[in-house]
Amino acid sequence: MACPAHARMTAEAARFGVPVIPLPIEFKTVAGFVALRDYLASHAPDVVNTHSSADSWLTGLACATLGKPPAIVRTRHISAPVSGNVFNRWLYRQAKGVVTTGESLRRHLLETLDLDPARVMSVPTGIDTERFSPVKCAADKAAAKLALGLDPAQRHVGIVATLRSWKGHLFLLDAFAQLDRPDLHLLIVGEGPMRGPIEEKIAALGMVSRVTLAGQRSDPEHWLQAMDVFCLPSYANEGVPQAVLQAMLCGLPIVTTPVGAILEAVTHGETALVVPPKDAAALAAAIARLLDDSTLVARLGEAARRVASADFSREAMLDRMETIFRRATQS
């Protein structure tokens, strides 16, 4: 894996035994271009899989200057619009395969960049179905809460997401403030640039004692298993969010929004409750409905677990990506 030396994934790679090549490819710079080109020329990989704008441009330009370049597979994870200018058309056509994390993202690229549909595939991120498993009874739920230092007598609404504006944390705080339930606690798991504004919002709403900011965690499955309701009120940029799939596998009742490719994972009234983005009142009403209807909670959770296990497992994703890499080397 090639990435900047200071990147978080550099440290994470060690946990999985993945070797790291530290290269200055965080931004589109001449130094990054030269370093990446030299590496590709000397090591001659069969496939390079790029994941963001900077590494995609550096790889595309580097491969264009090599006599025998590796095949490029470009993965796009977010639903932010792509400009259909001549530069982007050139960049995406350099790739032997383009992967999106949702079908709606795939359609956008096809329409905007006029790409060959056979070379653009939707492969949602797969989740470990054994790691993210549901608790089996109320006693297990209470034990999960105790293990995290939470009060088992309280009910917990939670979100697992990077603290970015478009994940909708501030709208979740507004919704939570509307719920007059003294036994209810909010869990915010994740870290990111919005931590300061989120802390300020919690203080302004007078909810410091009712909200836990857990920070970045390596054990999100334990936090999900401690939750009674999971929320992801995103309003932009989503593919099929991993956190939604993780919550589905944990058998949690979910409240989310119809943003990006989220509706490719959940169906309103069948596997989740879906509310309009940026609508704190609707979000609060959906949370309250789940807190008050144990039959609905059980039905949604069981259906969500079944769908996620069948369609979004890690094994299914790996099989599809291996096929894409093999085809890229043969085209």
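Throughout, read-outs are computed from the coordinates displayed, never taken from laboratory work. Every value quoted in this text rests on a predicted model; they were computed, and no experiment measured them. All Cβ positions, glycine included, derive from the backbone under ideal geometry; neighbour counts span all protein chains shown.
Given the peptides 255-261, 148-154, 20-26, 115-121, arrange them by the average over their residues of other C-beta atoms within 10 Å, most packed first. Provide the component values of the computation, followed by the final result.
Values: 255-261: 23.6, 148-154: 13.1, 20-26: 17.4, 115-121: 15.0.
Highest mean packing first, the order is 255-261, 20-26, 115-121, 148-154.
Between A5 and T295, what is 0.36 nm times their sequence separation minus the Cα-Cα distance? Round to one decimal in nm.
Result for the pair: 99.4 nm of gain on full extension.
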Worksheet, complete the sentence: The helix 138-147 Cα axis meets the longest alpha-carbon principal axis of the chain at an angle in degrees, between 0 and 90 and rounded to 10, of 70 degrees
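Just order 234-241, 60-67, 283-290 by mean Cβ neighbour count inside 10 Å, highest at the front, would you? Provide the component values of the computation, followed by the final result.
Values: 234-241: 23.0, 60-67: 14.9, 283-290: 21.0.
My ranking of the peptides, most packed first, is 234-241, 283-290, 60-67.
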Worksheet entry | Angle between the chain longest axis and helix 314-330 axis [Cα atoms, degrees, rounded to 10] | 10 degrees
Worksheet entry | Segment S165-A54, length gained on full extension (0.36 nm per residue, minus Cα span) | 37.8 nm
Worksheet entry | Zone residues, the range 107-130, relative to F325, backbone N less than 15 Å from point 7 Å out along Cα-to-Cβ | 126
Discussion item. Using the Cα centre of the chain as the reference point, and only Cβ charges (+1 on K/R, -1 on D/E), how large is the resulting charge dipole? Debye, rounded to the nearest 20.
Written reply: 720 debye
Worksheet item: Considering the range 138-312, what Rg and Dmax in Å follow from its alpha-carbon atoms?
Response: 14.6, 43
Response to the item:
On the formula 1/(1 + (r/R0)^6), with r taken between the Cβ atoms of T29 and C137 and R0 of 45 Å, the FRET efficiency rounded to 0.05 is 0.25
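Could you sort the peptides 50-59, 195-204, 92-101 by per-residue average Cβ neighbour count (10 Å cutoff), highest mean leading?
On the way: 50-59: 19.9, 195-204: 14.5, 92-101: 21.7.
Ranked by mean Cβ neighbours within 10 Å, highest first: 92-101, 50-59, 195-204.
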Item to complete: Sum -39500 (n - 2.57) across every DSSP H segment of at least 4 residues in the chain, then divide by the residue count to get the 222 nm mean residue ellipticity, nearest 500.
Response: -13500 deg cm²/dmol
Worksheet item: Which shape class, rounded, prolate or oblate, goes with the range 43-186 when its Cα gyration tensor gives a ≥ b ≥ c as root eigenvalues, a/c under 1.5 marks rounded, and past that a/b bigger than b/c marks prolate?
Response: prolate
Worksheet item: How far is helix 280-292 tilted off the main Cα axis of the chain, in degrees rounded to 10, range 0 to 90?
Response: 60 degrees
Fill in: Options (i) 141; (ii) 172; (iii) 155 - which one matches volume of the Cα convex hull per residue in Å³ as calculated here
(i)
Worksheet, complete the sentence: Placing +1 on each Lys and Arg Cβ and -1 on each Asp and Glu Cβ in the chain, then taking the dipole about the Cα centre, the residue among T323, S165, A288 whose Cα reaches farthest towards the positive end is T323
